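Asks: Before we start, here is the structure in question, set down as structure tokens.
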Amino acid sequence: MSDKLRAYLFLHFCVFLWGFTAILGKLISLNALPLVWWRVLLCSLTLWLVLPKVQLRTIPRPVFWQMLGVGMLVGLHWLCFYGAIKLSNASVAVTTMATTSFFSALAEPWLLRQRIKWFELGLGILILPGMALVVGNIDWNMRLGFAVGVLGALLAAIFTSLNKRILDKNPPPPLAMSFVELFGGLVVTSIVLPFSLWQTPELPFLPQDWDWLWMFILAWVCTLLPYYLTLRAMRHISAFATNLTINLEPVYGVLLAGLFFREDKELAPGFYLGVGIILLAVFSHPFLKKLVEKQNRVEEQG
């Protein structure tokens, strides 16, 4: 099995796990900010216990600060994602993440100083009508949640591209990189958490009853494992290909939301058409990329 194929398999497994994050976010009774704070706290503590500390000492200081900054963007992305769930519902929140490919087609070339690839931009645009069909007729009382979710997708495109830049130059060990970035998420949420608690003292801060179980599943199964595997996968595939594959998350998320919460009691034909468009874009990318690269080689030789 080639490294690239293994990377895609890892990534598809991660996307399946991420499909449960919106469900867990809905089940946990906490508001978005305390939820994300507990999530990154549990992840950071767990990694600190299992991480060989010598790996941290091998990371150059500039790279360490870059990863910490990326982690802060990750934390803001999660705040937007769970804020979108609380402001709308799980289906709308996961579906907004499909715009990540469109943003990534622009962000990755800009941040990595590459030319914009026309076929990646086209696939990113192709995702948008698929996303619209999956979400169906959105209740515009949820438009604030929709907008917050799209902002989260923009942040995801940026931090994924920044991670790719770090991994392409001198990749740190995936476990150490996961710790530093998740700790960065803990830093940014810890900065804003006191203001949230002061403004809404009536909302719970500590997880209640079953919240603890859902929180540990969210942290260990749906965060630590896929985060580590995604960083390994990105050594062999681009940031755009990563985000394009992650567009399958809305498919899993909406199906699971319908199953657990009856948010979609009956899936209209448009839903399946939207799923088909997303699948077409995701699975056609490797073939289009190979075709374009082959054509470029022919032109260079000619």
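Each value in this text was obtained by applying a stated rule to the coordinates, not by laboratory testing. Predicted model, so just to flag it, every value in this text is computed and none were measured. Neighbour counts run over all protein chains shown; Cβ positions are idealised from the backbone, glycine included.
Asks: How large is ³J(HN,Hα), in whole Hz, for each residue of region 43-57 in order, when computed from phi with the Karplus curve 6.51 cos²θ - 1.76 cosθ + 1.60 and θ = phi - 60°, using x for Gly and Pro?
Replies: These are the phi-based 3J(HN,Hα) values: 5, 5, 5, 4, 5, 4, 6, 9, 7, x, 5, 5, 5, 5, 6 Hz.
Asks: Using the Cα centre of the chain as origin and beta-carbon charges of +1 (Lys, Arg) and -1 (Asp, Glu), tell me which of TRP212, TYR228, PRO62 is placed farthest towards the positive end of the dipole.
Replies: PRO62
Asks: Over 10 Å intervals from 0, what percent of Cα-Cα pairs in the chain sits in each interval?
Replies: 6, 28, 36, 22, 7, 1, 0, 0
Asks: According to a simple spin-label model (label point 7 Å from Cα along Cα-to-Cβ), what is the distance in nm between PHE205 and LYS290?
Replies: Going by the 7 Å Cα→Cβ label model, 5.5 nm.
Asks: Here's another thing I want to ask about it. Relative contact order (percent) for region 3-301, with alpha-carbon contacts under 8 angstrom and 6 or more residues of separation? List each step's numbers first, then the result.
Replies: Numbers: 448 pairs, mean separation 112.6, N = 299.
It rounds to 38 percent for region 3-301.
Asks: What distance in nm separates the simple spin-label points at LEU128 and PHE195, each placed 7 Å from Cα in the Cβ direction?
Replies: 3.1 nm
Asks: Let me ask you something else. Show me 9-18, 49-58 ranked by packing, highest mean number of other Cβ atoms within 10 Å first.
Replies: Descending packing order for the listed peptides: 9-18, 49-58.
Asks: Okay, next question. Among SER178, SER284, what is the fewest-to-most ranking by other Cβ atoms within 10 Å?
Replies: SER284, SER178
Asks: Tell me the label-point distance for the pair LEU213, LEU280, using the 7 Å Cα-to-Cβ offset, in nm and rounded to one decimal.
Replies: Roughly 4.2 nm, to one decimal.
Asks: In nm, what is the difference between 0.36 nm times the number of residues separating LEU49 and PHE119 and their Cα-Cα distance?
Replies: In short, 20.8 nm is gained.
Asks: If packing is taken as the average count of other Cβ atoms within 10 Å, what order do 29-39, 220-230 fall into, highest mean first? Could the numbers behind the result be given before it?
Replies: Values: 29-39: 22.6, 220-230: 19.2.
Result, highest mean Cβ count within 10 Å first: 29-39, 220-230.
Asks: Quick one: which of 116-123, 235-242, 98-105 comes out on top by average Cβ neighbours within 10 Å, and what's the full order, highest first?
Replies: Sorting 116-123, 235-242, 98-105 by mean packing, highest first, produces 98-105, 235-242, 116-123.
Asks: Per residue of region 20-35, in order, report the coupling 6.51 cos²θ - 1.76 cosθ + 1.60 (Karplus, θ = phi - 60°) as ³J(HN,Hα) in whole Hz, putting x for Gly and Pro.
Replies: So the Karplus estimates, Gly and Pro as x, are 8, 5, 5, 5, 5, x, 6, 6, 6, 7, 6, 5, 4, 5, x, 4 Hz.
Asks: Any chance you could tell me what percent of the C-alpha pair distances in region 29-167 go past 21 Å?
Replies: Beyond 21 Å sits 52 percent of the P(r) for region 29-167.
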